[in-house]
Amino acid sequence: EVQLVESGGALVQPGGSLRLSCAASGWTFSTYWMSWVRQAPGKGLEWVANIKEDGSEKYYVDSVKGRFTISRDNAKNSLYLQMNSLRAEDTALYYCARGGLQGASDLWGQGTMVSVSS
Amino acid sequence: DIQMTQSPSTLSASVGDRVIITCRVSQNINNWLAWYQQKPGKAPNVLIYKTSNLKSGVPSRFSGSGSGTEFTLTISSLQPDDFATYYCQQYNSYSLFTFGPGTKVDIK
């Protein structure tokens, strides 16, 4: 089955760290740009980061630069988001997504919830 | 930064209505614009990419148009399954993607 499955979400204290994972299956993971997109409770979608097929290019929204790191392991068909110095405003459902339609995200996971609170 | 607006923010419509949602972008994005539908508790689903290309399997009642900095999503005859929130997204460069604030389509 063609799918993405996120994991790693949790309740974490402000200033803490978390690593999200996204497992891809049913398609050739190494040939697609990948993204992380988040959605705060009751709010809209916010792009977080992109990574090129081979991991050589990485881009971030300004609000997470220097705190979050996107990475991938093509041998394991997996995408990651290392999140450090977490803030309350990082509380959101985090989706991984495949850039399969000339860059538009054509495949999404179900999301994993990150809550930052003391 | 690229700013994006959508209008209206909420739209009340009836089954069979023609619905038009507008997305405005603060700079030229070379038509790299997509439209997503999101239902409560579900991940977004892409409907349209590169302004006017319908994703395979998406009903033909959905269409996209526009150029420059103004784009539209049209639903020609609203169906019960279409009540949802719609987002536009610019993806002109992999260094910066941006979503619009969303348009909620609900039942009149």
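The table that follows gives values for the structure above.
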{"read-out": "Exercise: per-residue mean of other protein chain Cβ atoms within 10 Å, B:87-99", "value": "5"}
{"read-out": "Charge dipole magnitude, Cβ of K and R +1, D and E -1 - chain A, Cα centre, debye nearest 20", "value": "240 debye"}
{"read-out": "Additional length obtainable on full extension of the chain from B:Ser7 to B:Gln79, 0.36 nm per residue less Cα span", "value": "23.9 nm"}
{"read-out": "Residue of A:Gln82, A:Gln39, A:Gln102 that the Gaussian network model of chain A assigns the largest fluctuation, springs spanning Cα pairs under 10 Å", "value": "A:Gln102"}
{"read-out": "Top of B:Ala13, B:Ala43, B:Ala34 by mean-square fluctuation, Gaussian network on chain B, Cα under 10 Å", "value": "B:Ala43"}
{"read-out": "Compactness of the protein assembly as shown as Cα Rg over 2.2 N^0.38 Å, two decimals", "value": "1.00"}
{"read-out": "GNM flexibility winner over chain B from B:Leu33, B:Leu96, B:Leu73 (Cα, springs under 10 Å)", "value": "B:Leu96"}
{"read-out": "For the range A:50-96 versus the range B:38-108, the gap between their alpha-carbon centres in whole angstrom", "value": "25 Å"}
{"read-out": "Translational diffusion of chain B, µm² s⁻¹ [Kirkwood Rh, Cα pairs; Stokes-Einstein; 20 °C; 1.002 mPa s]", "value": "156 µm²/s"}
{"read-out": "Square roots of five times the Cα gyration tensor eigenvalues for chain A, Å", "value": "23, 14, 13"}
{"read-out": "Point-to-point label distance, A:Glu53-B:Asn31, nm (Cα→Cβ direction, 7 Å offset)", "value": "2.4 nm"}
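Values quoted throughout were computed directly from the atomic coordinates according to the rules given, and no laboratory measurement underlies them. Source: prediction; values computed, not measured. Counting neighbours? That spans all protein chains shown, and the Cβs are built from the backbone with ideal geometry, glycine included.
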